[in-house]
Protein chains: 2
Amino acid sequence: MKYCSSCGGILSRKQTEQDDRYRSVCGTCGAIHYENPRIIVCCAVCLRDKVLMCRRAQEPGLGQWVVPSGFLEVGESLEQGAARETREETGLIVDPERLDLCSVVNMTSIEQVAIMFRIELDALPTLTPGPECLEVAFMPAQEIPADQFAWRSAMGDGPERFSRELRSREFTIQLITFASADGTGFRSREYTITSVNDTRLGDRDR
Amino acid sequence: MKYCSSCGGILSRKQTEQDDRYRSVCGTCGAIHYENPRIIVCCAVCLRDKVLMCRRAQEPGLGQWVVPSGFLEVGESLEQGAARETREETGLIVDPERLDLCSVVNMTSIEQVAIMFRIELDALPTLTPGPECLEVAFMPAQEIPADQFAWRSAMGDGPERFSRELRSREFTIQLITFASADGTGFRSREYTITSVNDTRLGDRDR
């Protein structure tokens, strides 16, 4: 960020009056340009003990496997974003309302937070890899070699845990901090869930 | 966004080749400027059946009550952000590692996602309202009149549910979509949690 997106003026790093942080401030109009972490939405589509994985057609992680995922766009809910990424990358249409919350992941060193959802299918669907994928397939995630699993070293025991939960049918919601290159390890707090209830209030025009 | 933050060129809305969306694209250097939802972190600090609330000193919601909350900054985890907002707004220092995941909230119409945490105290702490608060106090959240509770109309039965859970000691994690002015109602999926487990792997230099 070098130029003000409002007026085109030159930005400089300055301590603002509002707080003690250094921000990009415009020398012409005074606008403060905040930088905030971005949200990644992910979807683990499960078929028995297998998970729908995509082999990436681009860097980072070119040629490596990952679940359908991408940036949340403005105007969509987290569930809609996860369903959109799943459709774009695999051709599979999933109902956003059927997605279950799976994990909330701090990826602090890359200024991202991931929200992962889970959905289970009864039968093998037709899959059509999108332009961002070399191939897509249902795989036992814990069997993918670490060097073929994108960002695997950050994920601690996440894939093994997920596979265990798929087999045992005892699911958790996890609050995770990914390991980072600076030596901070993987952390996870797992909440065992026993039941699910839906509430809907005040829909108009339905 | 009118000007390119990389080169100062003029932006225009264009359909990009990568996807079918209209983005702000620079006419000079070709940079695509993505707009992504921002993350709000919130902290419900609980003392028996009361919750630590702040009366806002600024718009929006001037004079209304809300839990400590604000934008997640780059370089901090969600828990660290929630603890920072709590300290800045109330003077109370909470340990980020003691925060429990409480809810994940779609606030699609305002292009924000909120992540709320919960922590329980044993005794009344000393509180010091920050510059963004007129006053701070522990209150039974469900007793705050709707017109004095910031954004209350979007929250469905959230405050009542939270108060019930505080009394019953049976907590849920909620995946919520706030009601919006366009007539979309409040939705919540509540996952009842029964146990919590912590995993830590691969910390170096500890």
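The values are calculated or read from the model by the stated rules, or taken from the named source; none is laboratory data. Source: prediction; values computed, not measured. Please note: Cβ atoms are built from the backbone with ideal geometry, for glycine as well, and neighbour counts cover all protein chains shown. The accessibility values were calculated without ligands, DNA or RNA, using every heavy atom of the protein model including side chains. Shrake-Rupley method; radii C 1.70, N 1.55, O 1.52, S 1.80 Å.
Inter-copy label distances at B:Lys2, using a point 7 Å along Cα-to-Cβ, come to 2.1 nm with the shortest given first. Among the trypsin sites (Lys or Arg not before Pro) in the stretch A:143-173, those placed in a DSSP loop whose Cβ has at most 12 other Cβ atoms within 10 Å are A:Arg169. Over chain B, accessible surface divided per residue gives 48 Å², non-protein components excluded, 1.4 Å probe. Measuring gaps between exposed loop sites in chain A (GluC sites (Glu not before Pro); DSSP loop; at most 15 other Cβ atoms within 10 Å), the longest gap, sites not included, is A:36-110. Take every DSSP beta bridge with both residues inside the stretch A:13-117 and express the antiparallel ones as a percent of the total, to the nearest 5. Within the stretch A:13-117, antiparallel bridges account for around 75 percent of the total. Mean projection of the Cα convex hull over all viewing directions, computed for the stretch B:110-163: 5.2 nm². Rounded to the nearest whole Hz, the Karplus-based 3J(HN,Hα) values (6.51 cos²θ - 1.76 cosθ + 1.60, θ = phi - 60°) of the stretch A:178-191 follow the sequence 5, 5, 10, 5, 7, x, 6, x, 7, 10, 8, 10, 10, 9, with x at glycine and proline.
Based on the alpha-carbon gyration tensor of the stretch A:167-206 and its eigenvalue square roots a ≥ b ≥ c, which shape applies: rounded if a/c is under 1.5, prolate if not and a/b is larger than b/c, or oblate? Since a/c reaches 1.5 but b/c is at least a/b, the shape of the stretch A:167-206 is classed as oblate.
Taking Cα atoms only, the orientation of helix A:78-90 departs from the longest principal axis of chain A by about 70 degrees. Counting every alpha-carbon pair across the stretch B:98-194, the share separated by more than 23 Å comes to 32%. In percent, how large is the relative contact order of chain A, given Cα pairs closer than 8 Å and 6 or more residues apart? The normalised contact order for chain A reaches 19 percent. Note on chain A: with a GNM built from Cα contacts shorter than 10 Å, the maximum mean-square fluctuation among A:Gln80, A:Gln58, A:Gln15 falls on A:Gln15. For label points placed 7 Å from Cα toward Cβ, what is the shortest-first list of nm distances from B:Trp151 to its copies? Ordered by increasing distance: 2.5 nm. Just so you know, the Cα atoms of the protein assembly as shown work out to an Rg and Dmax of 21.8, 61 Å.
Angle check, please: helix A:158-168 long axis (alpha carbons) against the longest principal axis of chain A (alpha carbons), in degrees 0 to 90, nearest 10. That works out to roughly 40 degrees.
Helical runs (DSSP H, four residues minimum) scored at -39500 (n - 2.57) apiece and divided by the length of chain B put the mean residue ellipticity at 222 nm at -3500 deg cm²/dmol. When chains B and A come together, the accessible area they lose, probed at 1.4 Å and totalled over both chains, is close to 6100 Å².
Cα centroids of the stretch A:81-147 and the stretch B:92-116: 23 Å apart. Once the Cβ-Cβ distance of B:Asp95 and B:Arg48 is raised to the sixth power relative to R0 = 22 Å, the FRET efficiency obtained is 0.65.
Once the gyration tensor of the Cα atoms in chain A is diagonalised, the equivalent ellipsoid follows with semi-axes of 34, 21, 19 Å, ordered largest first. For the segment A:149-157, counting C-beta atoms of other chains within 10 Å of every residue's C-beta and taking the mean gives 1. Label-point separation (nm) for B:Arg13 and A:Ser153, each offset 7 Å from Cα along Cα-to-Cβ? Those two pseudo-labels are separated by 4.3 nm. Distance between the 7 Å Cα→Cβ label points at A:Asp182 and B:Asp20: 4.2 nm.
When the solvent-accessible area of the stretch B:82-156 is split by element, carbon and sulfur atoms take up 52 percent of it, the probe being 1.4 Å.
Beta-bridge orientation, chain B: approximately 70 percent antiparallel, per DSSP, counting only bridges with both partners inside. Secondary structure note: in the protein assembly as shown, about 75% of the DSSP beta bridges are antiparallel.
Neighbouring Cβ atoms from other chains, within 10 Å of the Cβ of residues in A:38-44, number 2 on average. For B:Glu111, inter-copy separations between label points set 7 Å beyond Cα along the Cβ vector come to 1.7 nm, shortest first.
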